[in-house]
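First comes the structure, then the notes that go with it.
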Amino acid sequence: MNTEISGIVFIFIAAVALAIPLGRYIGKVYNGDATWADKILSPLDKIFFKLGGVNPTKQMTWKQHLVALLTINLSWFVLSMLVLTNMSWLPLNPDGNPSMSADLAFNTSVSFVTNTNLQHYSGESGLSYLGQMILMLWQFISAAAGMAICAVVFMAMKEKANDKLGNYYNFFVKSVTRVLLPLSIIVAVVLLFNGTPMTIEGKSQFVSMQGDTVNVSRGPAAAQIAIKQLGTNGGGFFGVNSAHPFENPNYFTNIVENLCIILIPIALIFALGYIVKRKKLAWTVFAVMTIGFLLLLIPTVMNEMHGNAAIAKMNIGQPMGSMEGKEIRFGAAASAMWAISTTCTSNGSVNAMHDSFTPLSGMFAMLGMMINSFYGGVGVGFLNFYIFIIIAVFISGLMVGRTPEFLGKKIEAREMKIAAIIALLHPLLILAGTAIASHIYAQDPTAYAAWLNNPGNHGFSEMLYEFTSSSANNGSGFEGLGDNTPFWNIACGIVMLLARFLPIIGPVAIAGTLASKKYIPESAGTLKTDTATFGLMVFAVIFIIAALAFFPALTLGPIAEYFTP
């Protein structure tokens, strides 16, 4: 047991130790400062800028950044739909996998363009190699889009910012070439040497000891797995994701992949400190996020290591903890660590089945997505946290009788209205979607029996988890839910679209508006936002909003299941 805990501690410490220098490097890239990679990668950047007809030095307003983001995402969505609905006759399909139906292709295209990677299909049989590689391309693109728009907010937070906030295409291309691509190559090579396949040949065959001929799916997996973790994408090459021995062969690769999940989200916090020249603020944000992360991680690890109470009542020993739905090569503690890492970020990959976790562990995984800002996804995690900062500044200012200011800019009614709308959007999408699904199922449980393998409180949790995952752009699931149906494909697709782009538009609009305001130097009346007191205020705001919004639904699902005999 001590060895398992040591593995968790090592992953976290290693992630932070790597994230600090990586964050400084990312800050330099976005700031336009010289880095070691310039001589190597600047020629590659220039190729992309020339092909796209982009002038990377042209300054853009926050509105122009959003137009660029939305326009290119629409183009990627259309291309993805064309490929996924025509895979059967397109090249690179050695196993003869069929094309997707329109509703499944819609869900999948939206899922990968929005960095969600919710998969209502099994990769081995549901996609051709061309389809897999197109989706792998979106994993680079969607991650870079989130990082680039986060860079825009960082630029707006500078002391002497104005309405010109850098160039979106410059941030986007460099997020790929300077950060995601080099790291992905390193991780892919590590996975390759540990047994993950990287080939375009079809299924391999072998004869088992019983004399049966077994077909084993393979493909260009190593490259996709690297970017799925680094870009907080989460979409796996194989149906069972990182529980599959080809995606995650051993305990060492499990450490590498889990570290990759939280690496860039943490690094971007330190990039913030470098860009706005406020390291203390960055450490305050990191401390709040880390406290929240640990409050979800520690009880989850304890629950899974202590075993399942229902099994204990049958006088069955559980020396390895609750191992239902988990891989022996990882164990209960490492599976719990992965579950919280993947749900606190918007990663969504799994190395165990969350549907089999003990009830409260499932609740903590859901809470990570409901809060959606304890590290969060690459780029967008900080944008979600930024909304809570704005709300906390406004409330704190009113409480102590000081003008609500953040980094020298007044927060007024317009910014608060936007922040309130964005803060309420996430609960609205989750709870409204779950309520509609529950109503449809309750009207005719027989007709919709295929939806739920576990009716009752756990079945409610399965539906709640699906909409929570969609709204958090996470992509993991309680896989007892039969989700490849027109209702779930279309409903989750709509939620993913709204939950991806509206929470981006809101923070960028706030940051852009604040940047255009007159800078007010700090004085004795300025509310300090880089102190432990303010950090506790932000945490309190997050806790209150999450508790008020989600506690009733959690009571009907995992909490009720926990107290059910």
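Whether any residue in the stretch 510-520 is touching a strand residue (DSSP E or B) at 6+ places or on another chain (Cβ under 7 Å) and either buried (at least 21 other Cβ atoms within 10 Å of the Cβ) or polar (S, T, N, Q) (or both) is what I want to check. The answer is yes, given that some residue of the stretch 510-520 is touching a strand residue (DSSP E or B) at 6+ places or on another chain (Cβ under 7 Å) and either buried (at least 21 other Cβ atoms within 10 Å of the Cβ) or polar (S, T, N, Q) (or both). Residue under question is residue 310, and the condition is that it be in contact (Cβ under 8 Å) with a residue 24 or more places away in the chain and of a type in the set (A, V, I, L, M, F, W, C); does it hold? Criteria not met by residue 310.
Collect the residues in the stretch 449-458 that are assigned to a helix (DSSP H, G or I) and either touching a residue at least 60 places away in the same chain (Cβ under 8 Å) or small (Gly, Ala, Ser) (or both), keeping them in residue-number order.
Filtering the stretch 449-458 down to residues assigned to a helix (DSSP H, G or I) leaves 449-451, 457-458.
If the condition is that a residue be assigned to a helix (DSSP H, G or I) and either touching a residue at least 60 places away in the same chain (Cβ under 8 Å) or small (Gly, Ala, Ser) (or both), then 449, 450, 457, 458 are the ones that fit.
Go through (1) farther than 25 Å from residue 356 by Cα; (2) out of contact with any helix residue (DSSP H, G or I) (no Cβ under 6 Å at 6 or more places or on another chain); (3) not hydroxyl-bearing (Ser, Thr, Tyr) for residue 507 and report which single condition fails. Unmet for residue 507, out of (1) farther than 25 Å from residue 356 by Cα; (2) out of contact with any helix residue (DSSP H, G or I) (no Cβ under 6 Å at 6 or more places or on another chain); (3) not hydroxyl-bearing (Ser, Thr, Tyr): (2). Every test in (1) out of contact with any Gly (no Cβ under 9 Å at 6 or more places or on another chain); (2) within 30 Å of residue 275 (Cβ to Cβ) is passed by residue 427 save one, and that test is (2). Taking the criterion of being assigned to a helix (DSSP H, G or I), among the polar types (S, T, N, Q) and surrounded by 24 or more Cβ atoms within 10 Å (Cβ to Cβ), the residues of the stretch 101-131 that qualify are 107, 108, 109, 111. For the stretch 390-448, a tally of residues being without any contact (Cβ under 8 Å) to a residue 40 or more places away in the chain, under 15 Å from residue 513 (Cα atoms) and in a helix (DSSP H, G or I) returns 3.
Considering the conditions (1) within 23 Å of residue 536 (Cβ to Cβ); (2) touching a Gly at 6+ places or on another chain (Cβ under 7 Å); (3) among the hydrophobic types (A, V, I, L, M, F, W, C), residue 391 is excluded by exactly one of them, (2).
Please enumerate the residues belonging to the stretch 54-67 that are outside any loop (DSSP other than H, G, I, E, B) and crowded, with 19+ Cβ neighbours inside 10 Å. Result: 62, 65, 66. Number of residues in the stretch 162-181 that are more than 13 Å from residue 49 (Cα to Cα) and more than 20 Å from the chain's Cα centre (by Cα) equals 6. The residues in the stretch 322-340 that are touching a Gly at 6+ places or on another chain (Cβ under 9 Å) and either charged (D, E, K, R) or assigned to a helix (DSSP H, G or I) (or both) can be counted, and the count is 9. Set side by side, the residues 147, 136 differ, and just one is at pLDDT below 95, surrounded by 21 or more Cβ atoms within 10 Å (Cβ to Cβ), under 21 Å from the mean Cα position of the chain (by Cα) and part of a helix (DSSP H, G or I), which is 136.
Only residues that are in a loop (DSSP other than H, G, I, E, B), surrounded by fewer than 16 Cβ atoms within 10 Å (Cβ to Cβ) and not β-branched (Val, Ile, Thr) were counted in the stretch 528-565, giving 2. A count restricted to the stretch 197-232 and to residues that are among the β-branched types (Val, Ile, Thr) and more than 25 Å from the chain's Cα centre (by Cα) stands at 6. Does at least one position in the stretch 66-74 carry a residue that is touching a Gly at 6+ places or on another chain (Cβ under 8 Å) and closer than 24 Å to residue 159 by Cβ? So far as the stretch 66-74 goes, no, none of its residues is touching a Gly at 6+ places or on another chain (Cβ under 8 Å) and closer than 24 Å to residue 159 by Cβ.
Has the stretch 306-317 got any residue that is closer than 23 Å to residue 387 by Cβ and part of a helix (DSSP H, G or I)? Explain how you work it out, then say what you get.
Residues of the stretch 306-317 that are closer than 23 Å to residue 387 by Cβ, as a first pass: none.
Among the residues of the stretch 306-317, not one is closer than 23 Å to residue 387 by Cβ and part of a helix (DSSP H, G or I), which makes the answer no.
Going through (1) in contact with a Pro (Cβ under 9 Å, 6 or more places away or on another chain); (2) buried (at least 17 other Cβ atoms within 10 Å of the Cβ); (3) in a loop (DSSP other than H, G, I, E, B); (4) in contact (Cβ under 8 Å) with a residue 60 or more places away in the chain one by one, residue 153 falls short only on (3).
For the stretch 182-196, filtered to residues that are over 22 Å from the mean Cα position of the chain (by Cα) and surrounded by fewer than 18 Cβ atoms within 10 Å (Cβ to Cβ), the residue that is nearest to residue 53 (Cα to Cα) is 189. Just wondering, is there one or more residues in the stretch 472-480 that are part of a helix (DSSP H, G or I), within 19 Å of the chain's Cα centre (by Cα) and either among the aromatic types (Phe, Trp, Tyr) or crowded, with 24+ Cβ neighbours inside 10 Å (or both)? Taking every residue of the stretch 472-480 in turn, none turns out to be part of a helix (DSSP H, G or I), within 19 Å of the chain's Cα centre (by Cα) and either among the aromatic types (Phe, Trp, Tyr) or crowded, with 24+ Cβ neighbours inside 10 Å (or both).
Tell me, please, whether a residue that is closer than 30 Å to residue 255 by Cα, buried (at least 24 other Cβ atoms within 10 Å of the Cβ) and out of contact with any Asp or Glu (no Cβ under 8 Å at 6 or more places or on another chain) can be found in the stretch 428-437. Outline the logic, then answer.
To start, the set of residues in the stretch 428-437 that are closer than 30 Å to residue 255 by Cα comprises none.
Within the stretch 428-437, not a single residue is closer than 30 Å to residue 255 by Cα, buried (at least 24 other Cβ atoms within 10 Å of the Cβ) and out of contact with any Asp or Glu (no Cβ under 8 Å at 6 or more places or on another chain).
Only residues that are touching a residue at least 60 places away in the same chain (Cβ under 8 Å) and under 14 Å from residue 84 (Cα atoms) were counted across the stretch 95-108, and they come to 4.
This table checks each residue for (1) modelled with pLDDT of 95 or more; (2) more than 17 Å from residue 465 (Cβ to Cβ); (3) polar (S, T, N, Q); (4) surrounded by fewer than 24 Cβ atoms within 10 Å (Cβ to Cβ).
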residue: 295; (1), (2), (3), (4): yes, yes, no, yes
residue: 321; (1), (2), (3), (4): no, yes, no, yes
residue: 329; (1), (2), (3), (4): no, yes, no, yes
residue: 338; (1), (2), (3), (4): yes, no, no, no
residue: 368; (1), (2), (3), (4): yes, no, no, no
residue: 377; (1), (2), (3), (4): no, yes, no, no
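Here residue 178 passes the criteria (1) in contact with a Gly (Cβ under 8 Å, 6 or more places away or on another chain); (2) in a helix (DSSP H, G or I) except the one numbered (1).
The values are calculated or read from the model by the stated rules, or taken from the named source; none is laboratory data. Remember, predicted model here, so these are calculated numbers, not experimental data. Cβ: placed from backbone, ideal geometry, glycine included. Neighbour counts: every protein chain shown.
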